[in-house]
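First comes the structure, then the notes that go with it.
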Protein chains: 2
Amino acid sequence: MAGKAVIFLISRELAGFIRGIEFEALPGTTVHMARLAFLDWLGSVAAGGQHPPFQKILAVIRGQGGVGQATLLATGEKTSCLNAALGNGVASHIAELDDVHRGSILHAGAAVIPAALAVAEMTGASGRKLLTSIVAGYEVAVRIGEAVTPSHYYFWHTTGTCGTFGAAAAAGKLLDLTEEQLIWALGNAGTQAAGLWEFLADGAMSKHLHPGKAAFNGVLAALLAGEGFTGAKRILEGERGFCRATAPQFDLTRITAGLGGPPYKIEENSFKIHASCRHTHPAVDVTIELARQNKIKPQEVANITVRTYRTALQITGDYRPATVYAARFSLPFCVALALKRGRCSLDDFNQDTLNDAEIRELMSRVSLVPDAELEAGHPACWPSVVEITDRHGRVYRGRTDFPKGDPENPLTDAELAAKFRALAGEPWGEKKAERLEKAVMELEKAENMRAVFEKF
Amino acid sequence: MAGKAVIFLISRELAGFIRGIEFEALPGTTVHMARLAFLDWLGSVAAGGQHPPFQKILAVIRGQGGVGQATLLATGEKTSCLNAALGNGVASHIAELDDVHRGSILHAGAAVIPAALAVAEMTGASGRKLLTSIVAGYEVAVRIGEAVTPSHYYFWHTTGTCGTFGAAAAAGKLLDLTEEQLIWALGNAGTQAAGLWEFLADGAMSKHLHPGKAAFNGVLAALLAGEGFTGAKRILEGERGFCRATAPQFDLTRITAGLGGPPYKIEENSFKIHASCRHTHPAVDVTIELARQNKIKPQEVANITVRTYRTALQITGDYRPATVYAARFSLPFCVALALKRGRCSLDDFNQDTLNDAEIRELMSRVSLVPDAELEAGHPACWPSVVEITDRHGRVYRGRTDFPKGDPENPLTDAELAAKFRALAGEPWGEKKAERLEKAVMELEKAENMRAVFEKF
């Protein structure tokens, strides 16, 4: 409108990519990673569905009703496509065990997969098309996340904000939107994108709402675009667009450089084994390894120094977690727990460990130190150096740049399957979990996604 | 969690206000303004319902279905509470004739009233409770808007962002939430708040989506809070909260100073008679008046200088509107139209006037000049000085600080009623419009809001 020269048209490049990506051209490693991402997400949804935040959104969704277009996975009931995206999105992120992309600090799966699955079920898409849309959604979310990280991340929960673009991309792919409609969908994804870190101060449930709303808002943007509802064409690079509004520093070239072919961003996915914030994992990994190798007992520890990057200290620097949930965002707590129990699984975070005097005492011996060298490597690496000094003055020192589950330090397929069965087995029963695992690992054979969860 | 001293607890003060406000204690002028605001909003919804953006959201809403809890006013059909809030919110803001609050640059009605009405219908609330919740919603939205204006407004469409808090407040009042639940509702309103000005570059439909989503998100936050879904307690003043994330400068004292009693912010409401962006109104008013008093003919005009505040130039500085919608955001177009036709009503913005050679020629004679003195008075005043020089060198000069419809320069009740009948008469028929006008002007007599639109 202001008659300026259009220098970028990033949304058009993204739209061209979303239109063009085809299952047949995807490398086998990409398809495999999409399957694993789906399986890992499904386990998180199963676990999350047992917890209060999901029960509360479920009550609201049931109260509003809707056409039975898609499955609320935690209960198996059918609801509208938008409600399914919302409910499954909320369930995704409660167990804090969902996947994460390191460079963008983004839980892409929690926002992208519920959106993709809801639209795939509504439209009766094939498993191949679903997997392709998941790859597209990750690509878009992660690239935008990389462009605005880390400055965006101080205020904004990237999973909520950038996740909305990914959800819109996946939904738009499944709806066969035209290039112009995809541009509008991205525009209306960006103008709905939200999610502030302020919830962390209270350990509030908003964190789970963010990916649910990202999925919902992305699907809404795509459905509206399909009806011809227009959106901003330069939502990313525009003078009053997403990047300028939410990131003091950003690099637009990250969004489009190398876009359109392998390697796809989904292959950079990291999977979690500890049930705590990913920023605690590097130190937890090193602590577990040092304690195991050197048989360090908690009562022998004089002090523990954790060196790491700034964001980890900002998000997980809490020495006084008041709730079990807050404990999962407390680096001192997680390191103390790792030292005492040799693990930080979902079951290890409970009222007993929260109130454990030995853990509290250990926490008081943990020093968190920002480290300029480690900071310089972040977020390409998520590094930590841990130094444990015992009461005899012996010093044990370890470092990791890549927490367990990163592509450079991967979980095996068998480890991921075991994680899925542990999470899904209790709420759904071993048999159903096994059946679903098999279905997901051959998702490309499903001709109609409606059938996969039909008798669920 | 970080163990900092809690200096503010603004959400608690707002929650106390929302809990405490009672119809019986409202001044008659406040109740009257709430009725007028509802009537004016209803006219905008009637007009907006005829336009493509509403038809598109309607298609999406119908596709998703839902329990028949509340009325989509443009068609009279029933849908879920959340869908009604969304659909009516979108319809509110299409005609660009909805009310505006000057100090916060906020269309509170477009976000607050659809949220309030949808919850009032769902819960079978009385007209008195609905009016009270509207007063509460305006109060919360406007005060937060005042705290972050003008710096927030550069990127963020306040109607979408601050409107979400107002919608949550109104919905929370109607749901009889406890103080703690209201705090959570405000927290989850803030973490969903969104809406970027980037749509303006394309004249995209996102502008209408913003109040619809503000209403939807606010109601969702309140419904969730009622289920016990927690939210950040310091969403406004917190270190990673709404104000710091979205406004380079803000003044938190504006939110709570004088909160809790009259005068209520809704009485500062401005109503629009021109169907263009409010920032064009001061210059349009002066132009119409100068032309009328001095019988200035378009062909006699040599040049027109419009002096005004910076935000008006940023939002409405477009000399090349490509669409009818964009024309309504073009100060040069609106001034030229006002000069030629003596008015800028909804009917005056069409393809004929957009392509009118005389109007285009007049536009080329309009100079827009930022003015430091006028800037200093904004947004308390929305001032403009217009100077028209004719071909004989005669200079006509006029100024306004308060466009027509501001509290300082008000429309009469009769003018507002005539505006409502003009907007609602065509889509709904004169009889229904008359019946509704009567119902709204005695809304405090309605025992159950479900009955008001039952046979609608």
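The values are calculated or read from the model by the stated rules, or taken from the named source; none is laboratory data. This is a predicted model, so every value here is computed, not measured. Here the Cβ positions follow ideal geometry from the backbone for every residue, glycine too, while neighbour counts run over all protein chains shown. When the accessible area is computed, the model is the full protein with side chains, heavy atoms only, and any ligands, DNA or RNA have been set aside. Shrake-Rupley method; radii C 1.70, N 1.55, O 1.52, S 1.80 Å.
The C-alpha atoms of chain A define a longest principal axis, and helix A:52-64 lies at about 20 degrees to it. The relative contact order of chain A, computed from alpha carbon pairs under 8 Å that lie at least 6 residues apart in sequence, is 20 percent.
For residue A:305, the point set 7 Å out from Cα toward Cβ sits 6.9 nm from its twins in the other copies, listed from shortest up. Rounded to the nearest 20 debye, the dipole size of the stretch A:278-400 about its Cα centre is 180 debye, using +1 on the Cβ of Lys and Arg and -1 on the Cβ of Asp and Glu. For a test of the definition: using alpha carbon positions, the gyration tensor, and the 1.5 limit on a/c, classify the stretch B:199-247 as rounded, prolate or oblate. Verdict is oblate for the stretch B:199-247. Extension gain, residue A:364 to residue A:454, is 27.2 nm, computed as 0.36 nm per intervening residue step minus the present C-alpha separation. For the stretch B:278-400, the per residue solvent-accessible surface stands at 42 Å², with DNA, RNA and ligands left out and a 1.4 Å probe. Of all beta-carbon atoms in chain B, the one sitting closest to the axis that brings chain B onto chain A gives B:194, 2, with the distance in whole angstrom. Hey, if you drop one equal point scatterer on each alpha-carbon of the protein assembly as shown and run the Debye formula without solvent, what base-10 log of I(q)/I(0) do you get at q = 0.09, 0.11 Å⁻¹? With no solvent term, the Cα-only Debye profile gives -0.88, -1.25.
Tell me the angle of helix A:158-174 to the major Cα principal axis of chain A, expressed in degrees between 0 and 90 and rounded to the nearest ten. Rounded to the nearest ten degrees, it is 40.
Close amide H pairs (under 5 Å, H built 1.01 Å from N) link residue B:303 with B:389, residues at least 5 positions away or on another chain.
Couplings 3J(HN,Hα) for the stretch B:226-235, derived from phi with the Karplus relation 6.51 cos²θ - 1.76 cosθ + 1.60 (θ = phi - 60°), are x, 8, x, 6, 7, x, 4, 7, 10, 4 Hz, where x marks Gly and Pro.
Among the residues of B:316-323, the average count of other protein chain beta-carbon atoms within 10 Å of the residue beta-carbon is 2. Here is how the number arises for chain B: DSSP H runs of 4 or more residues each give -39500 (n - 2.57), the sum is divided by the residue count, and the result at 222 nm is -16000 deg cm²/dmol. Cross-link partners among aspartates and glutamates for residue A:438, C-alpha distance below 14 Å, same-chain residues fewer than 8 apart left out? Of all the aspartates and glutamates, those that pass the test against residue A:438 - Cα under 14 Å, at least 8 places apart if same chain - are A:40, A:413, A:430. In this assembly of identical copies, the label point of residue B:253 (Cα plus 7 Å along Cα-to-Cβ) is separated from its counterparts by 4.7 nm, sorted shortest first.
Between residue A:247 and any residue 5 or more places off or on another chain, the built amide H atoms are never under 5 Å apart. The packing ranking of peptides A:382-391, A:108-117, B:220-229, highest mean first, is A:108-117, B:220-229, A:382-391, where packing means the average number of other beta carbon atoms within 10 angstrom of each residue.
Rounded to two decimals, the Cα-based Rg/Rh of chain A, with Kirkwood Rh, is 0.98. Could you compute the FRET efficiency for residue B:77 and residue A:351, with r as their C-beta to C-beta distance and R0 at 41 Å, rounded to 0.05? Between residue B:77 and residue A:351 the formula returns 0.25. Using only the C-alpha atoms, the convex hull of the stretch A:278-400 corresponds to 90 Å³ per residue.
Packing, as the average of other Cβ atoms within 10 Å across residues, places the peptides A:29-40, B:88-99, A:290-301 in the order B:88-99, A:29-40, A:290-301, highest first. Can you work out the PRE-style zone for residue A:324? Point 7 Å along Cα to Cβ, and I want the residues of the stretch B:206-244 with backbone N under 19 Å. Within reach of a label on residue A:324, which here means backbone N under 19 Å from a point 7 Å along Cα→Cβ, the stretch B:206-244 contributes B:228-231.
Lys-Lys pairs in the stretch A:205-359 that are eight or more residues apart or on separate chains and whose Cα atoms lie under 27 Å of each other come to 11. Nearest 10 degrees, 0 to 90: what angle lies between the long axis of helix A:179-190 and the longest principal axis of chain A (Cα atoms)? That helix lies at roughly 40 degrees to the long axis. Under 5 Å from the amide H of residue A:106 lie the amide H atoms of A:101, each residue being 5 or more positions distant or on a separate chain, with H modelled from the backbone and absent for Pro and chain starts.
Distances between copies of residue B:392, taken at a point 7 Å out from Cα along the Cα→Cβ vector and listed shortest first: 10.9 nm. By the Kirkwood approach, averaging reciprocal distances over each pair of separate Cα atoms, the stretch A:372-456 gets a hydrodynamic radius of 16.8 Å. Relative contact order of the stretch A:278-400, taken over Cα pairs closer than 8 Å and 6 or more residues apart, is 40 percent. Three principal axis extents describe the C-alpha atoms of the stretch B:1-98; from largest down they are 50, 42, 27 Å. Across peptide B:207-213, the average count of Cβ atoms from other chains found within 10 Å of a residue's Cβ is 3. Per residue of B:57-64, other chain Cβ atoms within 10 Å of the residue Cβ number 6 on average. Computed extension gain for residue B:375 through residue B:432, at 0.36 nm per residue and net of the alpha carbon distance, reaches 16.1 nm.
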